[in-house]
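The values are calculated or read from the model by the stated rules, or taken from the named source; none is laboratory data. Bear in mind the structure is a predicted one, so any value in this text is a computation, not a measurement. Heads up, the Cβs are rebuilt from the backbone with ideal geometry, glycines too, and the neighbour counts pull from every protein chain shown. Just so you know, the surface numbers come from the protein's heavy atoms only, side chains and all, with ligands and any DNA or RNA stripped out. Shrake-Rupley method; radii C 1.70, N 1.55, O 1.52, S 1.80 Å.
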Amino acid sequence: MKDTTLILLAAGSSSRFGLPVKKQWLYLGDRPLWVRVAEAFEKTAEFARIILSVEAGERSYMGRFADYTFVDGGSSRQESLSRALEAVETPWVLVGDIARCCVDEALVERVLKHKGEAACIAPALEAVDTVYEDGVPVDRRRIRLIQTPQLSRTEILRRALAEAENFTDESSAIHALGEEVLLIEGSSRAHKLTHLEDLRRLDCLEAPSRESFTGFGLDVHAFETGKEMKLGGITIDAPMGFKAHSDGDVAIHALIDALLGAAGMGDIGEHFPDTDPRWKDADSMELLDAVLGRIRGCGLEPRHADLTILAQTPRLGTYKEAIRRKLAKALDLPPNRVNIKATTAEKMGFVGRKEGVAVHAVATLGIYDWRSAL
């Protein structure tokens, strides 16, 4: 199989899925669906290379899960596939969709068995229901429902996708080029996960793990006179704010780092570098919302947060409850699952000298249980 590369398409936005989690990030056990699918394909044959076409913003994160080749996807399936093909060096390429998540090993073997018999080998099912076209019944014996994975000659597929027309799969693109397409027996297990109700039809979906993940965050900021002080999303009555590229909300920055740590997504500086003018004077609550959207989209959700604010000044006793409720709302958690503590530094160090504030944060994430939506 050193003459065949596997491409798995996983760059979709899941716009029709109806959950806050992208379908490729639904957890099966302790791993996301896209990892399970890639591993299942990996067991069927020894491919020269496994390439995943993914959303650009998720490429680095996905690389923390598995040692595959990841390329940035495009705005359409065809564009995503074309970009992945740029990394293919073998004469044959097998293309699958992460959304067809119940990998049928026998189906993959059938497709590969016919290598060399046509420019494209595609699995297909016969239509079992009555079929109408434009309000007129047609002979269903002539209808075939095309599935993936599909095996294609790499150079022919490249030429086919270069055509202006937008094709929905490899076989239609290659057929339009005038090359031969061989249809073989498909599989009822290769059902595509598109809508929420499809989750009930797929027999390979393992329940998500109930384990949790904990992250730690620490941030410090010096004071800056003449600037409004924001702490935990609350405006603090003080004659100074924080010296920072953004609004300097040191509590939210520490919380963001704790959340990113729990998710294994790096740190705040990687996502919002202070060298990027987009984040100049940015509202830290908006940064927190963006991080939470990314975390939830990847199959995780907040469970608990605990922050300790070290400040010699200003006094924060009267603000703790407001901060707690503000952050609980942002995290979509009951207020009792967010805890805020404030203490002084006993006049020691930069905090004790009233030069700035430090915040420690601990956050816990759990795996989103997609079964609750069924």
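Considering the stretch 318-340 alone, what residues qualify as being of a type in the set (A, V, I, L, M) and part of a strand (DSSP E or B)? Walk me through it before giving the result.
As a first pass, look at the stretch 318-340 and keep what is of a type in the set (A, V, I, L, M): 322-323, 327-328, 330-331, 333, 338, 340.
Selection gives VAL338, ILE340.
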Yes/no for ARG371 being part of a strand (DSSP E or B), within 23 Å of the chain's Cα centre (by Cα) and within 30 Å of ARG31 (Cβ to Cβ): no
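Being modelled with pLDDT of 95 or more and touching a Phe, Trp or Tyr at 6+ places or on another chain (Cβ under 9 Å) is true for just one of THR90, THR148. Which residue is that? Lay out the reasoning, then the answer.
Details: THR148 fails: touching a Phe, Trp or Tyr at 6+ places or on another chain (Cβ under 9 Å).
When all the criteria are applied, what remains is THR90.
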The stretch 330-358 residues that are free of Cβ contacts under 8 Å to residues at least 24 places away in the same chain, paired with ones that are not small (Gly, Ala, Ser) (beta carbon under 7 Å, 6 or more apart): PRO335/ARG324; PRO335/ARG325
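State whether one or more residues within the stretch 356-371 are closer than 30 Å to TRP34 by Cα, β-branched (Val, Ile, Thr) and open to solvent by 20 Å² or more (accessible area, probe 1.4 Å).
So in the stretch 356-371, the residues closer than 30 Å to TRP34 by Cα come out as 362-371.
Narrowing the set further to residues that are β-branched (Val, Ile, Thr) leaves 362, 364, 367.
Right, trim to open to solvent by 20 Å² or more (accessible area, probe 1.4 Å) and you get 362, 364.
For the stretch 356-371, residues closer than 30 Å to TRP34 by Cα, β-branched (Val, Ile, Thr) and open to solvent by 20 Å² or more (accessible area, probe 1.4 Å): present.
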Output for the stretch 237-266, where each listed residue is more than 18 Å from ALA328 (Cα to Cα) and either assigned to a strand (DSSP E or B) or charged (D, E, K, R) (or both): ASP237, MET240, GLY241, PHE242, LYS243, ASP247
Test: residue in the stretch 165-174 that is out of contact with any helix residue (DSSP H, G or I) (no Cβ under 7 Å at 6 or more places or on another chain), surrounded by 14 or more Cβ atoms within 10 Å (Cβ to Cβ), at pLDDT 95 or above and in a strand (DSSP E or B): no
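Hey, any hits in the stretch 223-241 for a residue that's touching a helix residue (DSSP H, G or I) at 6+ places or on another chain (Cβ under 9 Å), open to solvent by 20 Å² or more (accessible area, probe 1.4 Å) and at pLDDT 90 or above?
Applying the first criterion (touching a helix residue (DSSP H, G or I) at 6+ places or on another chain (Cβ under 9 Å)) to the stretch 223-241 yields 230-234.
Cutting the leftovers down to open to solvent by 20 Å² or more (accessible area, probe 1.4 Å) gives us 230, 234.
Now narrow it down to the ones that are at pLDDT 90 or above: 230, 234.
Yes, the stretch 223-241 has at least one match.
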For PRO137: the one exception among (1) assigned to a strand (DSSP E or B); (2) open to solvent by less than 60 Å² (accessible area, probe 1.4 Å): (2)
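Working carefully through the options ASP283, ASP257, ASP274, find the one that is of a type outside the set (A, V, I, L, M), open to solvent by 20 Å² or more (accessible area, probe 1.4 Å) and within 15 Å of VAL362 (Cβ to Cβ). If you could, list the steps in order and put the result at the bottom.
Working: ASP283 fails: within 15 Å of VAL362 (Cβ to Cβ); ASP274 fails: within 15 Å of VAL362 (Cβ to Cβ).
The match here is ASP257.
Table: residues versus (1) in contact with a Pro (Cβ under 7 Å, 6 or more places away or on another chain); (2) of a type in the set (Gly, Ala, Ser); (3) part of a strand (DSSP E or B).
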residue: ILE295; (1), (2), (3): no, no, no
residue: THR313; (1), (2), (3): no, no, no
residue: LEU316; (1), (2), (3): no, no, no
residue: ALA342; (1), (2), (3): no, yes, yes
residue: VAL351; (1), (2), (3): no, no, no
residue: VAL362; (1), (2), (3): no, no, yes
residue: LEU365; (1), (2), (3): yes, no, yes
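Those residues that are in a loop (DSSP other than H, G, I, E, B) and among the small types (Gly, Ala, Ser), I need them from the stretch 85-118; list them, please.
Going residue by residue through the stretch 85-118, those that are in a loop (DSSP other than H, G, I, E, B) are 86-91, 98-104, 114-118.
Correct list: ALA87, ALA99, GLY116, ALA118.
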Total residues in the stretch 32-65, condition basic (Lys, Arg) and crowded, with 18+ Cβ neighbours inside 10 Å: 1
Which numbered condition LEU193 fails, given (1) surrounded by fewer than 18 Cβ atoms within 10 Å (Cβ to Cβ); (2) at pLDDT below 95; (3) of a type in the set (A, V, I, L, M, F, W, C): (1)
Lone unmet requirement of (1) over 25 Å from ILE50 (Cα atoms); (2) open to solvent by less than 80 Å² (accessible area, probe 1.4 Å); (3) in contact (Cβ under 8 Å) with a residue 60 or more places away in the chain for VAL93: (1)
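Give the stretch 202-222 a look and list any residue that's surrounded by 13 or more Cβ atoms within 10 Å (Cβ to Cβ) and either part of a loop (DSSP other than H, G, I, E, B) or touching an Asp or Glu at 6+ places or on another chain (Cβ under 9 Å) (or both), or say none. Write out each step before concluding.
Let us first name the residues in the stretch 202-222 that are surrounded by 13 or more Cβ atoms within 10 Å (Cβ to Cβ), namely 202, 204-205, 208-209, 212-222.
Across the stretch 202-222, the qualifying residues are LEU202, CYS204, LEU205, PRO208, SER209, GLY215, PHE216, GLY217, LEU218, ASP219, HIS221, ALA222.
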